[in-house]
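To start, the structure itself, in structure tokens.
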Amino acid sequence: MDTVAAGFWGAFFCTAVLMLAISMAAFLRSHRRVALMAGLTSVFSAAFAIAYLGWLPLGPRAEARVLAHVAVLTAVTLALMLMSTMGMLRQVSPARPAVAALVGAGLAVLVAGWMLEPTEALAISSLLAFAIGAAMLVLATRGALRGDRAGWTAVAGIVFMLVAIAGLSWIALSGTKSGPVHAISAVAGVAYLCVIASVLWARYSYLLELSEVLAHGPSYDPVTRMRSHSETGQMVGDVFFHRDAEARPIGVLAVCLANLYALENLHGRAAFNHALFVCAGRLRRCAPQNVEMGRLGEDGFLLLVPNAPDVARLEELARQIRDRLSRPVSLSTSRDPAGLEAAGTAWVADVGIGVLGTSTQVRPSQAVSTARAMARTAWSYGSRMAFFDQKAGQIAELGGARRELPAAVATA
């Protein structure tokens, strides 16, 4: 194998390793079935390529015999995982005959291969792998024509898989060292892994969204991916009324956006929802794991910080939130999905943050209303942060002057 071919195959194996690492991270977090499919796809694809490239420490006859088994096992396994990903195995009655036919064909080819020479067994096993891929292509095309969401993406992935199988089979059977054959096979393999990864990621993100919906029910807010107004009230009640023998300190942060309604009046509800979506995403990314968050009215968010009664400690979190939310963003003003990527208008959130250090002995409604009043008062301060000054007995500015915003427009 020359240097160019080695470079292409290096890219393929790097893609497989990256896909495996990401799937392992997803497996440790949640939705292990989807993550397991991604990991097995990368492992079986890499094993198939390693075997067919002749990198096994075996003699010619033994290697051909092993390759025949690898081809059948990989083809059957990947076909079953693809059927599961496309939802073909959900209905038991039609799925059982398909699975039985697939496994039966694989076993038949393996048994027949032991009655033939190793090279002949490798040839019919490679032919079976290609035939299974072609059958999956037909099924994926039918699903795409029926309107399946991932139909055409699956079709593209299977086409790349067939090209990779054909190239690797030619390399294994003929022993060619032709650079173009290796390059085309490796590129097709990389494209196959990328397409399958995109399909599985779409499925994974859908399940993440579904788990949030099931957890919060009708109170789940799809715009901000947070608790809605009623669910936020329930969250506050749970935190404040779960009292121990002694009062527990808690920090309450209210975040209010002053210019959301002006944005809606100028550019419509789509821009309003886009701005709310971006701000909520930035807030989730900068808030610590132990902070409870939810919606607070139409233009704000509420954060409850356990064991943080000291305003000085809460100021750092408030400053991070202010700086993150105050970054410019380019908003879409179109409801058309095709126009979401187009830059519609530049917008900067006018943030006000009320910081309150209190305890669980305080009435929840009083703590929330006080924090929200301070957040609205903070719109008039340079730092955009406010707290209740106990000495003066009134709301006062928290922190120094507000930093200058960058001139360039950044995306979320």
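At a 1.4 Å probe radius, carbon and sulfur cover how many percent of the accessible area of segment 164-204? Answer for segment 164-204 is 76 percent, counting heavy atoms of protein chains only. Relative to the current alpha-carbon distance between Ala131 and Glu298, full extension at 0.36 nm per residue lengthens the span by 54.5 nm. With a Förster radius of 25 Å applied to the C-beta separation of Asn307 and Cys286, the computed FRET efficiency comes to 0.85.
Rounded to 0.05, the FRET efficiency of the Phe277 and Ile50 pair, given R0 = 51 Å and the Cβ-Cβ distance, is 0.70. Spin-label model, Leu208 to Asp238: label points 7 Å out along the Cα-to-beta-carbon direction sit 2.1 nm apart. Per residue, segment 109-201 exposes 48 Å² of solvent-accessible protein surface, assessed with a 1.4 angstrom probe and all protein chains in place. Here the simple spin-label model places points 7 Å from the Cα toward Cβ, and for Leu173 and Leu145 these points are separated by 2.9 nm. Accessible surface for segment 12-51, divided over its residues, is 53 Å² per residue with a 1.4 Å probe.
Computed extension length for Ala183-Ala6: 62.8 nm, one decimal, from 0.36 nm per residue of separation with the Cα-Cα distance subtracted. The label point for Ser369 and the one for Arg61, both projected 7 Å from the Cα toward the Cβ, are 9.1 nm apart. Amide H to amide H under 5 Å from Val305: which residues, 5+ apart in sequence or cross-chain, H placed 1.01 Å off N in plane? The list, which skips near neighbours in sequence, is Gly251, Val252, Leu253.
Between beta-carbons, use under 12 Å as the cut-off and find the net charge around Gly113, counting Lys and Arg +1, Asp and Glu -1. Residues near Gly113 contribute -1 overall. Derived scalar couplings between HN and Hα for segment 48-64 equal 4, 5, 4, 5, 6, 7, x, 9, 7, x, 10, x, x, 5, 5, 5, 4 Hz in order, rounded to whole Hz, by the Karplus curve 6.51 cos²θ - 1.76 cosθ + 1.60 (θ = phi - 60°), x for Gly and Pro. For the pair Met24 and Ala396, a Förster radius of 56 Å applied to the C-beta separation gives a FRET efficiency near 0.65, rounded to the nearest 0.05. For the peptides 185-195, 386-396, the ranking by mean Cβ contacts within 10 Å, running from highest to lowest, is 185-195, 386-396. Each residue of segment 127-143 is assigned a 3J(HN,Hα), and the resulting list reads 5, 5, 4, 5, 5, 5, x, 5, 5, 5, 5, 5, 5, 5, 5, 4, x Hz, derived from the Karplus form 6.51 cos²θ - 1.76 cosθ + 1.60 (θ = phi - 60°), x at Gly and Pro.
The values are calculated or read from the model by the stated rules, or taken from the named source; none is laboratory data. What you see is a predicted model, and the numbers here were worked out from it, not measured in a lab. Cβ sites come from the backbone with ideal geometry, for glycine too, and all protein chains shown count toward neighbours. Quick note on the areas: whole protein, heavy atoms, side chains included, nothing else; ligands and nucleic acids left out. Shrake-Rupley method; radii C 1.70, N 1.55, O 1.52, S 1.80 Å.
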